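Asks: Here it is: the structure, laid out below.
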């Protein structure tokens, strides 16, 4: 049963309708050739959150301007060479799609618009080349920019000035939920109170971090003071990402040191871990001074638990050193997260501290990208556009220009999905089955009967207001939006002043041909399943670790962590809930910890060389191992374990220092993550270098 609309849904629908009608009125008063582009654009950029509207408006206008400029550059010189022009437009659409898929943020909208805007301007202009010239193309492109700009401006003004809904509260709720999830994982990892729930904590936190990163892209455009804290929020996301490998490592070491492992945790350890959990849980509710004072005491107690290490150190002592190092890193990450959260709260009142403003966040370009998959998507779009154009030219169909336009649009819209075909079929169904009756009624009956703008508003109101409410409901948003935009697109592609049934039917059939081409070529060249994508995510992680050991300069720890945590989030979303699939996602987290361990060793290498300890052979052996993982994913060579043990023995034998403890911690972590079932390390004086 359909629910009655809520006040917020009705307000959103009214604002969308008012923006669309204002844009339509101005477009008609200015005498623009296709005035219905303006209201359709107003709906395209409308979002419940004002910040999202403003960011989408900027990206859409930028993309439209870039695409219009490209149309003016490409079309006039090639207008008499249909094959070359078709290829040029198709390649441009493919290039823009490729670039957009490498930017996994809302900014990619700019390149999506820049791509298919060229098709929307160029293909209709080719229907009558006898009167075509460069000035005509410029006028068409200028009119398109004006129509789009009107829709964008009206939508932005209405959603910004009339009861704007800030993205700030929504983002803060999501941020607090992510912090709560991290604190819950701290509880599960350190106390081991809920092993079953702890097993899924890392996947939930990885997905939370990725979603937050996407949402925060809109924050600089928000209407609240929170927009000034955008950099602090991005840095907080970076710190939360660092907590993932730390917590998973701590959880493993504590499990190993409990009675079922190589030894039992002492009562002092148990009390210390309980106090760390209590500190983290009340960190957001007490002052920063209180938190800092408690933190100093906790660090002193952790340092007191570190055993003395020499060449005869036991595996349990080494694991305790590793646990001490990871706990110190965890406290630093938690302290940074809690302090940034307090700074963000202060920023809401306009009092963000200068040091916080000067912090540098990791750019979103550090997120995982799949260039191969992006290239496949681009090729499918190029093939669909070229095939649609060939069909149009060969048949000599006057209304065939809509086919390549629709092929380019729908190959672009769903390219971020593993298998876009089901979504394409859904869009095709709602465009051909449901939108046609609505479009026919408006185009052939209601609009010709509207002899004033007031009457035009009256006939458009029922459809747009009802579907505007459905657009505001997440479960129905995709279908309602698709149908509504399909009807408005039909009005933009037809002359609403002199409509006729033949032209209307030709337009609908031409759009159907474009849809069919998009579905066909996407199915042939781009459709993959989640398992295939998951495999590529694993391969990307192994390749990065393989290159890491051969790097001259150690990579940034935070950048590596963010990129690999992002992969884990993408991997978890595709692997489902099966036991074997959960293990695959967990193995990716193990790979992340190994990669970070290698990074730490690379940074410690100059200090260790002063004691005649070289880890270069081990790093090279680890790099070779991960380079061979695609061919032998389960192989764990004994020579690599021997190399790790040899390096561990060398480091244990040097004089005690902070660098020694850090190197032991990194080596112990790598050994444990690569060889979880290996016998405990046996201390021995180094007898000679073991070959990798």
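Asks: With a cut-off of 8 Å between alpha carbons and a minimum separation of six or more residues, what is the relative contact order of region 530-674 in percent?
Replies: Details: 131 pairs, mean separation 46.2, N = 145.
So the answer I get is 32 percent.
Asks: Same structure again: Find the relative contact order for the chain and round it to a whole percent, using C-alpha pairs within less than 8 Å whose residues are 6+ positions apart.
Replies: 18 percent
Asks: Tell me the label-point distance for the pair residue 505, residue 605, using the 7 Å Cα-to-Cβ offset, in nm and rounded to one decimal.
Replies: According to this spin-label approximation, the distance is 7.4 nm.
Asks: Tell me, rounded to the nearest percent, the portion of alpha carbon pairs in region 530-674 spaced more than 23 Å apart. Mind showing how you got there, number by number?
Replies: Values: 3671 of 10440 pairs.
Percentage above 23 Å: 35.
Asks: Mean residue ellipticity at 222 nm from the helices of the chain, using -39,500 (n - 2.57) per DSSP H segment of n ≥ 4 over the full residue count, to the nearest 500 deg cm²/dmol?
Replies: Details: 27 runs with 500 residues, N = 692.
When only DSSP H runs of four or more count, the value is -24500 deg cm²/dmol.
Asks: Taking the alpha-carbon centroid of each part, what is the distance from region 615-688 to region 37-75 in angstrom?
Replies: Going from one Cα centre to the other spans 54 Å.
Asks: Further, regarding this structure: Would you please classify the overall shape of region 411-507 from the alpha carbon gyration tensor, given that a ≥ b ≥ c denote the square roots of the eigenvalues, rounded means a/c under 1.5, and beyond that prolate means a/b larger than b/c while oblate covers the rest?
Replies: Numbers: a/c = 2.85, a/b = 1.54, b/c = 1.85.
In terms of gyration-tensor shape, oblate.
Asks: Another question about this same structure. Relative to the longest principal Cα axis of the chain, at what angle does helix 82-101 sit, 0 to 90 degrees, rounded to 10?
Replies: Once rounded, the angle reads 40 degrees.
Asks: Relative to the longest principal axis of the C-alpha atoms of the chain, give the angle of the C-alpha long axis of helix 7-29, reported between 0 and 90° and rounded to the nearest 10°.
Replies: Between helix and principal axis, roughly 50 degrees.
Asks: What are the principal axis extents of the Cα atoms in the chain, in Å, biggest first?
Replies: Sorted from largest, the Cα extents of the chain read 93, 52, 46 Å.
Asks: Further question: Using only Cα atoms and rounding to the nearest 10 degrees, what angle (0 to 90) does helix 267-281 make with the longest principal axis of the chain?
Replies: 20 degrees
Asks: Going by how many other beta carbons lie within 10 Å of each one, how would you line up 15, 662, 177, fewest first?
Replies: Ascending number of Cβ neighbours within 10 Å: 177, 662, 15.
Quick note: the coordinates plus some simple rules give every number you see, no bench work behind them. These numbers were taken from a predicted model, which means no experiment stands behind them. Backbone-built Cβ (ideal geometry, glycine too); neighbour counts: all protein chains shown.
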